[in-house]
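Beneath this line is the structure, given in structure tokens, with notes to follow.
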Amino acid sequence: MEDLIGKILNTAKSEISSAASLKSLNDVRVGFLGRNGEFTAVMKNLRGVPPEERPLAGKRVNDAKDIIERLISERERALADEELRQKIAAETLDVTLPGKRTEYGSLHPVTLIINEISDIFTGLGFDVADGPEIETDKYNFEMLNIPKDHPARDMQDTFYITDDIILRTQTSSMQIRTMLAQKPPIRVINPGKVYRADFDSSHSPMFHQIEGLVVDRNITLCDLLGLLGEFAKKLISKDAQVRFRPSYFPFTEPSVEADVTCSECGGRGCQLCKHTGWMEILGAGIVNPKVLENCGIDSGEYSALAFGMGIERIALARFGISDMRVIFENDKRFLRNYR
Ligand SMILES: [Zn+2]
């Protein structure tokens, strides 16, 4: 009897200490103390013990059961502590780990310049409107006083889709669309993409222009000079100036090239302006009366001024970029510089 209890106790001790989880510990408990456990069998054996020895044997059994109960509850606490410790360790927040970085996008330098110029002109009372990039020959050329076989067509290498449908070579087509759609007075700028078959360090087959149009009574070259002077002051600096050089465009008469004070050197002369102090960024003029008449506007009552500029040229100057092609390579390292 004694031997049997001792043996059970030893087995129980070793099973309790090697129980690796609360669940397996409970299995051990059931195995020894449960209704069909080891001690139930031992209690049955008590019947075979001589009556005078029974009380002592019963006490041994109960002592052994108490020991096992105590060992189990100790092991239970240890396992619970360990489980909690592991849970905490697994959930620990390492404040030294680098955070998840948020990638911020940024506007493209061309968009930045378009937004800036649009802001300037909306501040002067202009509307902003865009139009189709696939344009009719009629709106892009003919109604702008550039009939077929006109030598001015050679000034632009045009992408033809059909004989009459092209990729617009200039935002000037929007002058026509605007004048056909609205009655004077008109004050509008039209930023947008234009296309010409040209590709080198200073030309891209796709680039951006902003066209401006004012139609009203008594519009003169003085209004154009005043308007562009105001624009140059807002775009470059309060001391910036504009100068006109005679030029030729079929849709304006007279036509001028408008130069503005170099944004880099303020007019003293630098590499960017080839030491002239001026940047050639604008073509402009008084709209040819034929163009107004083409759009059903009485050129006896109304006159108009128009101007156009290349956005990339301004972006190159503003951001000190020497090759236009990098603007459209979509290299994120380049674009990141203009946040
Ligand atoms: Zn300069």
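Where a number appears in this text, it was derived from the coordinates with a stated rule and is not lab data. These numbers were taken from a predicted model, which means no experiment stands behind them. Cβ placement follows ideal geometry from the backbone for every residue including glycine, while neighbour counts extend to all protein chains displayed.
A simple count of charges around Pro132, restricted to other residues whose Cβ falls under 15 Å of its Cβ and scoring Lys, Arg +1 and Asp, Glu -1, yields -2.
Look at the dipole of segment 109-338 built from charges on Cβ: of Thr162, Ser237, Tyr139, the Cα furthest out on the positive end belongs to Ser237. For segment 109-338, a/c is not less than 1.5, where a ≥ b ≥ c are the root eigenvalues of the C-alpha gyration tensor, and a/b does not top b/c. That puts it in the oblate class. Among the chymotrypsin sites (Phe, Trp or Tyr not before Pro) within segment 179-238, those in coil by DSSP and having at most 16 neighbouring Cβ atoms inside 10 Å are Phe199.
Considering only Phe32, Leu4, Val49, the residue lying farthest towards the positive end of the dipole of segment 2-91 is Val49, judged by Cα position with unit charges set on Cβ. Since only Ala19, Gln86, Ile114 are under comparison, the one whose Cα sits farthest along the positive direction of the charge dipole of the chain, derived from C-beta charges on Lys, Arg, Asp and Glu, is Ala19.
For GluC sites (Glu not before Pro), the sites in segment 272-316 that DSSP calls loop and that have at most 13 other Cβ atoms within 10 Å are Glu301.
The Cβ shell under 13 Å around Ala19 holds other residues with a net charge of -1, Lys and Arg each +1, Asp and Glu each -1.
Across segment 265-272, rounded Karplus estimates of 3J(HN,Hα) from the backbone phi angles (6.51 cos²θ - 1.76 cosθ + 1.60, θ = phi - 60°) give 10, x, x, 6, x, 7, 4, 4 Hz, Gly and Pro being marked x. Between Asp164 and Ala181, the simple label model (points 7 Å from Cα in the Cβ direction) yields a spacing of 2.1 nm.
Run the Debye formula on the Cα coordinates of segment 2-91, all scatterers equal and no solvent, and tell me log10 I(q)/I(0) at q = 0.16 1/Å. Log10 of I(q)/I(0), two decimals: -0.66.
Note on Asp66 and Asp3: with the Förster distance fixed at 22 Å, the Cβ-Cβ geometry gives a FRET efficiency of about 0.70. Each Lys and Arg Cβ is given +1 and each Asp and Glu Cβ -1; about its Cα centre, segment 79-215 then shows a dipole of about 460 debye. Looking at segment 16-108, the chymotrypsin sites (Phe, Trp or Tyr not before Pro) that sit in a DSSP loop and have at most 13 other Cβ atoms within 10 Å of their own Cβ are Tyr104. Would you mind pulling out the separation of the Cα centroids of segment 85-164 and segment 235-262, in Å? Their Cα centres are 25 Å away from one another. May I ask for the distance between the Cα centers of segment 7-23 and segment 32-71, given as a whole number of Å? Spelled out, the Cα-based centre of one part sits 18 Å from the other. Our analysis of segment 126-244 gives Rg over Rh at 1.00, with the two radii drawn from alpha carbon positions and Rh computed by the Kirkwood formula.
Past 32 Å, Cα to Cα, is the threshold; run Lys100/Lys193; Lys148/Lys183; Lys148/Lys233; Lys148/Lys193; Lys193/Lys332 against it and keep the listed order. Beyond 32 Å: Lys100/Lys193; Lys148/Lys233.
Only Lys, Arg, Asp and Glu carry charge here, each on its Cβ (+1 for the first two, -1 for the last two); on that basis the chain has a dipole of about 1540 debye about its Cα centre.
Working note: Debye formula, equal point scatterers on the alpha-carbon atoms of segment 94-186, no solvent; log10 I(q)/I(0) at q = 0.15, 0.17, 0.18 Å⁻¹ is -0.77, -0.91, -0.97.
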